Amino acid sequence: MIATGAPSDNARAAPSSARPEKPAALLPETVLVTGGTGFIGGWCIVELLRRGYSVRTTVRNLSKENSVRAAVASMVDANDRLSFVAADLTKDAGWDAALADCQYVLHVASPLNVKDAANVEALLAPARDGTLRVLRGAIAAGAKRVVMTSAATAATPPMSSPDRISDETVWFDPNETVDAYRHSKRLAERAAWDFMKDHASTTSLTTVLPGAVFGPILTPDSASSTAIIQRLLQGKVPANPRFGLQIVDVRDLVDLHIRAMTHPLAAGERFMGVGEFMWMSDISRTLREQLGEAANEVPTRNMPDWLFRAAAMVDPELRAMAPRLGKMHRHTAAKAERLLDWRSRPAVTTLVDCAKSLIATGSV
């Protein structure tokens, strides 16, 4: 006969060893951050650890592990929640191990090499093909979501069009001539969405499109991402060309990535990660006003457009930038503000913190 109702007295008297134990504490979720040696990647690691996640990061060479650990340790105690896997965006090896048991992926890694700035193929292979490697691996591993770092240029209309404010509904003109880095970022995001459309799965994709990313650096190795500020402080820019940038702080950009990683409404969406628009002349003036003698080499003069165009005739990198002269194409972060409650700090704070960290790390 099967007993029903309340447990018997004998059951109540069972020894403590037979009683159900309390469930073990849930292990922290694991996030893969691609490109742990980079400017944005390093800050992603720091902030994820601060929020209690376990982090796995990819580096092309494990010889970089100690330097990344040291940089992270200067900001947060990783304990045993940070691990490394060798993986290269141009090769298949290592990605299965990198993605195994990861709940989320922040795909931040992308080539940014000044020496290859005029070589489209040198940047396109790791940007586009590397992104597809990450997406395939994330789907195979059953990750919940991949957040990819794209660029605001992927939502920028042709430079020949009138100045306007763009949002996430805008897509670039594939026939427009831009520098190799912007071209690679545009094609990589487009390829990512096309791939996801053709590969139905439980893994969702979200893209974040930042403007000009500045803020404090963690190591001198990541100073190349803030090269504009570095060159201004070093006096390597003789005069300010008539270019404008929408500045976003790296710390705010990382916060946007993490919000996009977990928010239910972020799945399948693009988000602009931009802040204030500033002309180069405004950036230089801010540095001089805020840093005093440390900014003595920052230019005070403005460069005539004709002089820049003359230099562009013999410099392919400048030639690709020439159409942007005097353009005020801006983007709005209203969608991220509305759906994810995200905000970007004042550009002055970002610029000053960036410059001070460059000076403190000996990068200037």
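Here, each number is a calculation from the coordinates, and none is a lab measurement. Fair warning: this is a prediction, and the values are worked out from it, not measured in the lab. Counting neighbours? That spans all protein chains shown, and the Cβs are built from the backbone with ideal geometry, glycine included.
DSSP beta bridges fully contained in the chain are about 10 percent antiparallel. Listed peptides 158-165, 323-330 appear in the order 323-330, 158-165 once ranked by packing, highest mean of other Cβ atoms within 10 Å at the front. Among V76, V274, V55, the largest mean-square fluctuation in a Gaussian network model of the chain, built with springs joining Cα atoms closer than 10 Å, belongs to V76. Multiplying the residue separation of D194 and A294 by 0.36 nm and removing their Cα-Cα distance gives an extension gain of 31.2 nm. Each principal axis of the Cα cloud of region 316-364 was taken in turn, and the coordinate range along them, longest first, works out to 38, 35, 15 Å. What separates the Cα centres of region 172-207 and region 283-307 is a distance of 36 Å.
The dipole here belongs to the chain: it is taken about the Cα centre, uses +1 on the Cβ of Lys and Arg and -1 on the Cβ of Asp and Glu, and is about 180 debye.
If you run the Gaussian network model on the chain, springs between alpha carbon atoms under 10 Å, then out of M313, M261, M196 the most flexible one is M313. Taking every DSSP helix (H) stretch of at least 4 residues in the chain, weighting each as -39,500 (n - 2.57) and dividing the sum by the residue count yields a mean residue ellipticity at 222 nm of -10500 deg cm²/dmol.
With neighbours defined as other Cβ atoms within 10 Å of a residue's Cβ, the residues W342, W306, W171 order from fewest to most as W306, W171, W342. Taking mean projected area of the Cα convex hull in nm² as calculated from this structure, the corresponding entry among (1) 24.4; (2) 35.2; (3) 18.8 is (1). Reported value for region 71-198: 158 Å³ per residue, from the convex hull of its C-alpha atoms. Sorted fewest first by neighbouring Cβ atoms within 10 angstrom, S54, S74, S67 come out as S74, S67, S54. Remark: for residue pairs K327/K356; K144/K335; K197/K327; K64/K335; K335/K356, the C-alpha separation exceeds 25 Å in K327/K356; K197/K327; K64/K335; K335/K356.
Report the residue, chosen from L49, L253, L32, that carries the largest GNM mean-square fluctuation when the chain is represented by alpha-carbon nodes joined by springs under 10 Å. Checking each option, the largest mean-square fluctuation is seen for L49.
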